[in-house]
Amino acid sequence: MGERVVATEFTGADRTRFRERLRVGFEVFRRLLAEDRFERGRALMGVELELDLVGPTGRPVMVNQDVLSRIASQDFQTELGQFNLEVNIAPHKLVGTVFSELAEELRTSLSYADRQARAAGARIVMIGILPTLDEAHMVVENFSPEDRYFMLNDEIAQVRGEDFVVEIDGVEHLRTTFGSIMPEACNTSVQFHLQVSPETFAPAWNAAQALAGVQVALGANSPFLFGRQLWAETRIPLFEQATDFRVQELATQGVRPRVWFGERWISSPLDLFEENLKYFTALLPVSSDEDPEKILAEGGVPHLPELRLHNGTVYRWNRPVYDVARGKPHLRVENRVLPAGPTVVDVLANAAFYYGCVRSMMDDPDPVWRHMPFAAAAHNLHTAARHGLGAEVSWRTDRYAGLVPVPDLVLRELLPAARRGLDTLGIDPRDRDEFLGVIEGRCRTGRNGATWLSAAFHRLVAGGLDRAEALERLTLEYADLMLTGAPAHTWPQG
């Protein structure tokens, strides 16, 4: 939710007006689709990368305002916690040497940001969940000082009416409660955007949903939370629970969670926007002065701010996005399942695999979602988050009688599909082979960020450090290896 919101107290009239404007915005969106107003034929991608700030001991430091003032770039923004930053990479054409270009751009941006962070007594870490975060950090005083974060917290907490419960049963067990959504700030992610035409939106979204579990298994990088070892990608259950406005009774009644995988394959982008209106009340009912019907009647392009604001507070793992750029409306699929890191090369390897697979699956005349129950795709996400590269997932029922290990599925079927997709997009073969080679390396070694973090932690504990000391040392070792740029599956294990 990137819209800027100014603090206010919402009245019943505010909520009624917003609901009506949301309805009007949706009908205008429907007309834009029917009248074929959307930009098409531009294969564009974008990347948003969230980061953590740590001090000399590896523990989080609440200095993002200081660091941002030193960076002084609109590419860097706040995130929920004062120990978070986000860097946004401008859209790129998905062609040629785009991945190596992005890698260089990210290295340059992160190197500059890290120098500025060090001037503020911090350093940047690119990871799914910072191992040194603890429950004492989860206080509202550590929210970034922007109105939207406090308002979002107040609205979700008011709807819930009781403390938020985080309970995760993994390698170890965690159960704790919080009075705010601050634990959501523990999640540092990477988001991949893909601009699509209206007619290709549904196959792109379906492909991203089918692929989500495999993505998480390959890219897992979040095994620790509040000092406990839990899932390979603990971000997934944490995000689902940290902002869950539903008390037990509402969940039992079938009220949809705000962090949502969905419940069906789709045939149109309308399906998702309509579900967002149907199932989710507005958290931030801030109405604009735009008259979208008038703008559309005069041949203009409405920005539909209410629709975009509401859409940004429904946290789908693959989110539909309506936006306007260069005076033209367009649609994007925002892929949100992956953690940040471990290195720039790892991030861009995940990107190459994602974009290549999605393109190949979109072009398949007999796609996977015709042979895979939607519930199986949702189950895959949680199985992969729990077990990482050790996960076994469901795939095409016309090819696999039962579960298949993720590395086998990737090596046998999905890497060749990703190569075909990247070739179709016109990606340079050297880029294709370099970045997909990282995915192959993870599958053949059984190593990724999560496996390195887990093994390194147990090595440090076996060497005589207590748990807190081991997590601090672990974070610093990780940060040093991150700077080498070598992909995590090649990091030393001893």
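Some points to look at:
- Among the residues here, GLN209 qualifies as surrounded by 21 or more Cβ atoms within 10 Å (Cβ to Cβ), of a type outside the set (A, V, I, L, M, F, W, C) and assigned to a helix (DSSP H, G or I).
- Residue-level check: of (1) assigned to a helix (DSSP H, G or I); (2) under 21 Å from the mean Cα position of the chain (by Cα), GLN77 misses just (1).
- Test for GLY96: is it surrounded by 18 or more Cβ atoms within 10 Å (Cβ to Cβ) and touching a strand residue (DSSP E or B) at 6+ places or on another chain (Cβ under 9 Å): no
- Residues of the stretch 394-417 classified as touching a His at 6+ places or on another chain (Cβ under 8 Å) and either of a type in the set (S, T, N, Q) or closer than 22 Å to GLY441 by Cβ (or both), total: 2
- Residue pairs whose Cβ atoms lie under 8 Å apart, separated by 6 or more positions or on different chains, with the first residue in the stretch 125-153 and more than 30 Å from ASP346 (Cβ to Cβ) and the second of a type in the set (Phe, Trp, Tyr), are VAL140/PHE150; PHE150/PHE143; ASN153/PHE143.
- Residue ID - surrounded by the most Cβ atoms within 10 Å (Cβ to Cβ), chosen from residues in the stretch 59-74 that are in a loop (DSSP other than H, G, I, E, B) and among the hydrophobic types (A, V, I, L, M, F, W, C): VAL61
- Pairs with Cβ under 8 Å, 6+ apart, first in the stretch 224-238 and surrounded by 24 or more Cβ atoms within 10 Å (Cβ to Cβ), second of a type in the set (Asp, Glu) and at pLDDT 95 or above: LEU238/GLU184
- Pair list, Cβ < 6 Å and 6+ apart or interchain, from the stretch 425-437 residues that are more than 12 Å from GLY356 (Cβ to Cβ) to residues that are not in a helix (DSSP H, G or I): ASP428/GLY96; ASP428/THR97
- Given (1) over 26 Å from the mean Cα position of the chain (by Cα); (2) closer than 27 Å to PRO302 by Cβ; (3) charged (D, E, K, R); (4) at pLDDT below 95, number of the condition GLU39 does not satisfy: (1)
- Unique match (being in contact with a helix residue (DSSP H, G or I) (Cβ under 9 Å, 6 or more places away or on another chain), buried (at least 16 other Cβ atoms within 10 Å of the Cβ) and among the charged types (D, E, K, R)) among GLU440, GLU472: GLU440
- Filtering LEU481, LEU465 for residues that are assigned to a helix (DSSP H, G or I) and modelled with pLDDT of 95 or more leaves a single hit, LEU481.
- Residue within the stretch 442-461 that is of a type in the set (Phe, Trp, Tyr) and more than 24 Å from the chain's Cα centre (by Cα) present: yes
Conditions (1) within 22 Å of the chain's Cα centre (by Cα); (2) assigned to a loop (DSSP other than H, G, I, E, B); (3) among the acidic types (Asp, Glu), marked per residue:
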{"site": "GLU20", "(1), (2), (3)": "no, no, yes"}
{"site": "THR57", "(1), (2), (3)": "no, yes, no"}
{"site": "SER109", "(1), (2), (3)": "yes, no, no"}
{"site": "TYR112", "(1), (2), (3)": "no, no, no"}
{"site": "ARG115", "(1), (2), (3)": "no, no, no"}
{"site": "PRO131", "(1), (2), (3)": "yes, yes, no"}
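- Applying the condition of being in a strand (DSSP E or B) and among the charged types (D, E, K, R) to the stretch 141-175 and asking which residue is surrounded by the fewest Cβ atoms within 10 Å (Cβ to Cβ) yields ARG175.
- Within the stretch 239-259, the set of residues being within 16 Å of the chain's Cα centre (by Cα), surrounded by fewer than 21 Cβ atoms within 10 Å (Cβ to Cβ) and of a type in the set (Val, Ile, Thr) comprises just one member, VAL259.
The values are calculated or read from the model by the stated rules, or taken from the named source; none is laboratory data. Small disclaimer: the values here were computed from a predicted structure and weren't measured. Note that each Cβ is placed from the backbone with ideal geometry, even for glycine, and that neighbours are counted across all protein chains shown.
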